[in-house]
Amino acid sequence: MSETSTAHSDGPLTGVKVVDASTILAGPLCCQLLGDYGAEVVKIEHPKRGDGMRGHGPSKDGEPLWWKEISRNKRLVAADLSQADGAELLLRLVETADVLVENFRPGTLERWGIGPEDLWRRNPALIVVRVTGFGQTGPYSSRPGFGTLAEAMSGFAHLTGEASGPPTLPAFGLADSLCGVAAVGATMMALWERDTKSPGVGQVVDMNLLMPLMTAVGPGPTAYDQLGVVEQRRGNRSLNNAPRNTYRTSDGSWVAVSTSAQSIAERVMRLVGHPEVIDEPWFATGGQRALHADLLDGHVSAWIAERTRAEVIEQFTAAGAAVAPVYDAADLVADDHVRATGMLRKVNDDKLGDVLMHDVMWGMSRTPGRIRRTGGDLGADTGPVLKELGYEAAEIEAMRERGVIA
């Protein structure tokens, strides 16, 4: 795997060591982001099955494309943690690590003799980030947990879709991705507390897929508690402002319009030729405008339907109104702003050549992160990592023969 030539910093987490013993998406994404900003990440996969992420998304020439991104900046070790030698390997790894991220069902690591108490005997300062569907405790803790279940239970699916249609699930890993990003913040809080207030003392971070998405969905439980109100599906409309929707242009494209600010709502209605509604008493607040969404949407959709996407965006931008095109992946790759700001970056991969992928998620003026290498083959770094831990060549070969490592 080759380094990207344009980067000049490993990022603010240089010197932080992370062991990624998680699978599928939330945990691996958390570790990808930590690695993007300089952390040394050792990824552990089962020697036969590997991480299920290898089978997610499209492949080219047998190379899984999502894997190239989700496992970038990681050293790859294949080890069976359920075997005694594999458990010992993990214990040796965490002796010099700052963070372990895992997403086994609650009780699994304890059953293998590598639960938090076992880990802390080797390294009392270790932060153990445990990512599960429903958390470490409670009546659902032992259930299989996947993002789809969190998307259903959080209220997201109930509120998504047309009013007359069924609840709608996202076509991508929404709950997992939100959890992965949230886990980065939780991990950094735990590291900060350890290093500034409780030197040498680690703790467990209990992350679940449900809570971050519940938070993103909004204060529905509070409204129910205080008002007895249960919000229903409204398609692309909002209870908080109008006009707010997607609108079809004359060339068959779609644009999205938002009027969260009062001044923007006024600009939109002047632009589409209906300034008279601005003087209506109900136009003064977003909630009242939402009650008149049929009228406002009618005015906006009629105006947009007579113009191409380019014309709509040009005129909305000139008027200082808020609009964005509805993009697919091809549109996103071609977008001038995405290209100019480097949101997508080509990274060299030994097998596929230059591969376009998301760049690091946020900019930092002094210690920016970077993509040092792409995700590679199962167990690609097992030998070198074990040698660094003090294993002799004969021990490594014996573990290989017993199927403990690959």
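Bear in mind that the values in this text are calculations on the coordinates, not laboratory data. Since the structure is predicted, the reported quantities are computational estimates derived from the model, not experimental observations. Using ideal geometry, Cβ is built from the backbone for each residue, glycine included, and neighbour counts are taken over all protein chains shown.
Observations on the structure shown:
- Relative contact order (percent, whole number), the range 122-254, Cα cutoff 8 Å, 6+ residue spacing: 34
- Computed from the alpha carbon atoms alone, the convex hull of the range 186-341 holds 208 Å³ per residue.
- Applying the criteria of a DSSP loop state and at most 15 other Cβ atoms within 10 Å to the GluC sites (Glu not before Pro) of the range 311-406 yields E392.
- Relative to the current alpha-carbon distance between L239 and W282, full extension at 0.36 nm per residue lengthens the span by 14.1 nm.
- Dipole-positive endmost among A39, S71, P106 within the range 34-109 (Cβ charges, Cα centre): S71
- Point-charge dipole on Cβ atoms (K/R +1, D/E -1) for the range 273-406, about Cα centre, debye to 20: 560
- Highest-MSF residue in the chain out of D206, D225, D85 [GNM, Cα springs under 10 Å]: D225
- Taking the Cα centre of the chain as reference, the dipole from Cβ charges on Lys and Arg (+1) and Asp and Glu (-1) amounts to some 220 debye.
- For the chain, built as a Gaussian network whose Cα springs stay under 10 Å, the top-fluctuating residue of G228, G353, G147: G228
- Classified by the C-alpha gyration tensor, the range 3-101 has an oblate form. Its axis ratio a/c, with a ≥ b ≥ c, is 1.5 or above, and a/b does not exceed b/c.
- Radius, Kirkwood style, for the range 343-406 when every pair of distinct Cα atoms is counted (Å): 14.7
- Only lysines eight or more places from K60 in sequence, or on another chain, were considered; those with a Cα closer than 29 Å are K43, K48, K68, K74, K346, K351.
- For the range 42-106: relative contact order, % (alpha-carbon pairs under 8 angstrom, 6 or more apart): 32
- Pairs of Cα atoms farther than 15 Å apart, the range 42-85, %: 47
- The simple Förster model, with R0 at 30 Å and r as the Cβ-Cβ distance, assigns D195 and T215 a FRET efficiency of 0.65.
- The helix-based estimate of mean residue ellipticity at 222 nm for the chain, built from -39,500 (n - 2.57) per DSSP H run of four or more residues and divided by its residue count, is -10500 deg cm²/dmol to the nearest 500.
- Based on Cα contacts under 8 Å between residues 6+ apart, the chain shows a relative contact order of 23 percent.
- Anchor K197: lysines whose Cα lies under 26 Å away (excluding residues fewer than 8 positions away in-chain): K17
- Three-way shape call for the range 79-132 based on the alpha-carbon gyration tensor, with the a/c threshold at 1.5: oblate
- Debye log10 I(q)/I(0) for the range 253-406, one point scatterer per Cα, at q = 0.10 Å⁻¹: -0.63
- Translational diffusion of the chain, µm² s⁻¹ [Kirkwood Rh, Cα pairs; Stokes-Einstein; 4 °C; 1.567 mPa s]: 54
- Distance between the range 264-334 and the range 71-117 - C-alpha centres, whole angstrom: 53
- Proximal charge balance of N208 [Cβ under 14 Å; K/R count +1, D/E count -1]: -1
- Among I44, I313, I371, the residue with the largest mean-square fluctuation in a Gaussian network model of the chain, with springs joining Cα atoms closer than 10 Å, is I313.
- Global form of the range 133-191, assessed from the alpha-carbon gyration tensor, a/c cut-off 1.5: oblate
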